[in-house]
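Q: Please read through the structure below; I'll follow up with questions.
What follows is calculated from the coordinates using simple rules that are stated; it is not laboratory data. Computed from a prediction, not measured in an experiment: that's the story for all the values here. Cβ: placed from backbone, ideal geometry, glycine included. Neighbour counts: every protein chain shown.
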Amino acid sequence: MRSVLIAGSAVAVLVAAGAITYAVAGEDSGGDSAVPSADSADAGFARDMAVHHQQAVEMSYIVRDRTKDTDVRRLAYDIAQTQANQRGMLLGWLDLWGLPKVSADPPMTWMGMGDMASGKDGALMPGMATNTELKKLGTLNGKQAEIFYLQLMTDHHKGGIHMAEGCVAKCTVAVEKNLAQGMVDAQQSELTTMAQMLKERGAEPRD
């Protein structure tokens, strides 16, 4: 189990390290005449994934305080740090492009899926936890908190991977496409890790 976790952590570190390269490379696009438009896939992905990542960071900090399990806390730390760094890059690119960080369009409109999530109870995009689920996570302790976090984050990663794959297919800024592919690779690895961790706790993903 430890080797699986180390591998997952290594992927997260590599993605975070690569993110620095992407951010620096993104500066070169500032003088490019082909800056993305506000309704482009590049801008839409940056806005939506920043929101999606913020919830993952929030969930990870919640579970950190609800369990003393080293493996879960390490995973939560890796996810929180990686996704906070990536969120900063996405918002930084929007600033660099002179584009708004919010849109009047529903989330995932850039994917042609603006009607996918109702936004009911705070679940703005597929995979996102509801406000009720976040509150529940904050009331659990120990093994119960670990299982619920792993289940919520599994759903979250599946939704995030779907969005990142959309950017790989539709985005035009190379460094953003590269970052999106890095998200797909890292989160797929973490899904494998979380499935094993759930199994060790006598549980499984919710779907």
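Q: Given the Cα-Cα distance of ALA195 and LYS101 and 0.36 nm per residue of separation, how much length would full extension add, in nm?
A: On the way: separation 94, 0.36 × 94 = 33.84 nm, distance 3.39 nm.
Full extension from ALA195 to LYS101 adds 30.5 nm.
Q: Next up: Under 15 Å Cα-Cα from LYS143, which aspartates and glutamates qualify once same-chain neighbours fewer than 8 residues away are excluded?
A: ASP65, ASP69, ASP71, GLU200, GLU204
Q: Output ³J(HN,Hα) for the stretch 40-52: one whole-Hz value per residue in order, computed from phi by the Karplus curve 6.51 cos²θ - 1.76 cosθ + 1.60 with θ = phi - 60°, and x for Gly and Pro.
A: Karplus values, whole Hz, x for Gly and Pro: 6, 5, 4, 6, x, 5, 4, 5, 5, 5, 4, 5, 4.
Q: Now for a separate question. For labels at ASN131 and GLN81 in the simple 7 Å Cα→Cβ model, what's the distance in nm?
A: It works out to 3.3 nm between the two label points.
Q: Turning to a different aspect of this structure: Rounded, prolate or oblate: which fits the stretch 66-116 when a ≥ b ≥ c are the square roots of the eigenvalues of the alpha-carbon gyration tensor, with rounded for a/c under 1.5 and prolate only if a/b beats b/c?
A: Cα axes put the stretch 66-116 in the oblate bin.
Q: Next question, about the same structure. What value does the stretch 151-207 have for Rg/Rh, both radii from Cα atoms and Rh as Kirkwood defines it?
A: 1.10
Q: Could you give the length gained by full extension between ASP39 and ALA169, i.e. 0.36 nm per residue of separation minus their alpha carbon distance, to one decimal place?
A: 45.2 nm
Q: Using only alpha carbon positions, build the gyration tensor of the stretch 87-207, then give the equivalent ellipsoid semi-axes as the square roots of 5 times its eigenvalues, largest first, whole angstrom.
A: For the stretch 87-207, the ellipsoid semi-axes come out as 29, 18, 13 Å.
Q: Distance cut-off 21 Å, Cα to Cα: go down the list LYS68/LYS135; LYS120/LYS177; LYS120/LYS170; LYS135/LYS199; LYS68/LYS120; LYS101/LYS135 and report the pairs above it. Kindly include the intermediate steps, with their values, before the conclusion.
A: Working: LYS68/LYS135 19 Å; LYS120/LYS177 30 Å; LYS120/LYS170 27 Å; LYS135/LYS199 24 Å; LYS68/LYS120 32 Å; LYS101/LYS135 27 Å.
Result: LYS120/LYS177; LYS120/LYS170; LYS135/LYS199; LYS68/LYS120; LYS101/LYS135 exceed 21 Å.
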